[in-house]
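Peer 1: Got a structure for you, written out below as structure tokens; questions coming shortly.
The values are calculated or read from the model by the stated rules, or taken from the named source; none is laboratory data. Because the structure is predicted, anything quoted here is derived from the model rather than measured. Cβ sites come from the backbone with ideal geometry, for glycine too, and all protein chains shown count toward neighbours. Ligands, DNA and RNA are stripped out before the accessible areas are found, and what is left, the full protein with its side chains, is counted by its heavy atoms. Shrake-Rupley method; radii C 1.70, N 1.55, O 1.52, S 1.80 Å.
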Amino acid sequence: MKVRAIRGATTVDLDSQESIEVAVSELLSELFSANGLRQPDLISIHFTSTPDLISEFPATAARKLGLSDTPLLCSSEIAVPGSLERCIRVMVHAYSTLEKSEIKHLYLRKA
């Protein structure tokens, strides 16, 4: 098995706890499924979110999914004029048998 970095992103229509939880759940579920990942494969997950999302940390939403043994980190993105709004990005580090060319990065909604 090799360590792989897998990227993904999604957006939410409004800044609310429920919207963030639904978006994070959907993003992680689809990312894990697309790449055949299970919780024991996970090394760490790093979330970033745009400064206009303040209702909940994406990592809190991930903990509610049961990711209690995986180190999680959240950080805020730099507010760049004209950049995508209400966006959550993720970088998952995991053990995988997939080659780099087989990794499926995932961008949902407006991301």
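Peer 1: Leaving out ligands and nucleic acids, and using a 1.4 Å probe, what accessible area per residue does the chain come to in Å²?
Peer 2: Accessible area per residue: 56 Å².
Peer 1: Residue by residue, what Karplus-based ³J(HN,Hα) values in Hz, rounded to whole numbers, does region 64-77 have, using 6.51, -1.76 and 1.60 with θ = phi - 60° and x for Gly and Pro?
Peer 2: Per residue, the Karplus-derived 3J(HN,Hα) values read 5, 7, x, 7, 8, 9, 9, x, 10, 9, 10, 8, 9, 7 Hz.
Peer 1: Quickly rank 40-46, 58-64, 78-84 as a protection proxy: mean count of other C-beta atoms within 10 Å, highest first.
Peer 2: 58-64, 40-46, 78-84
Peer 1: Another question, if that's okay. Give a quick list of GluC sites (Glu not before Pro) in region 7-111 that DSSP marks as loop, anything other than H, G, I, E or B, with at most 14 other Cβ atoms within 10 Å.
Peer 2: Of the GluC sites (Glu not before Pro), the ones in loops of region 7-111 whose Cβ has at most 14 other Cβ atoms within 10 Å are GLU85, GLU99.
Peer 1: So if we plug the beta-carbon distance of THR60 and TYR95 into 1/(1 + (r/R0)^6) with R0 = 25 Å, what FRET efficiency do we get, rounded to 0.05?
Peer 2: The value I calculate is 0.50.
Peer 1: Is there a quick way to get the dipole size of the chain? I mean about its Cα centre, with the Cβ of Lys and Arg at +1 and of Asp and Glu at -1; what is the value in debye to the nearest 20?
Peer 2: For the chain, the charge dipole is close to 420 debye.
Peer 1: Another question, if that's okay. In the chain, what percent of the accessible surface is made up of carbon and sulfur (1.4 Å probe, ligands and nucleic acids excluded)?
Peer 2: Answer for the chain is 54 percent, counting heavy atoms of protein chains only.
Peer 1: Can you tell me which lysines have their Cα less than 21 Å from the Cα of LYS2? Leave out same-chain residues fewer than eight positions away.
Peer 2: LYS100, LYS104
Peer 1: Continuing with the same structure: Out of residues 5 or more away from LYS110 or on other chains, whose amide H comes under 5 Å of its own, with H placed 1.01 Å from N in the peptide plane?
Peer 2: THR11
Peer 1: Just for the chain, what percent of DSSP beta bridges are antiparallel, to the closest 5?
Peer 2: Looking only at bridges with both residues in the chain, the antiparallel portion is about 70 percent.
Peer 1: Can I ask one more? In percent, how large is the relative contact order of region 1-105, given Cα pairs closer than 8 Å and 6 or more residues apart?
Peer 2: RCO, region 1-105: 47 percent.
Peer 1: With everything on Cα atoms, drop me the angle between helix 17-35 and the longest principal axis of the chain, reported from 0 to 90° to the nearest 10.
Peer 2: Here the helix axis deviates by roughly 20 degrees.
Peer 1: Mind running the shape call on region 9-111? Use the C-alpha gyration tensor, a ≥ b ≥ c as the square roots of the eigenvalues: rounded below 1.5 for a/c, prolate if a/b tops b/c, oblate otherwise.
Peer 2: Prolate, because a/c is 1.5 or more and a/b exceeds b/c.
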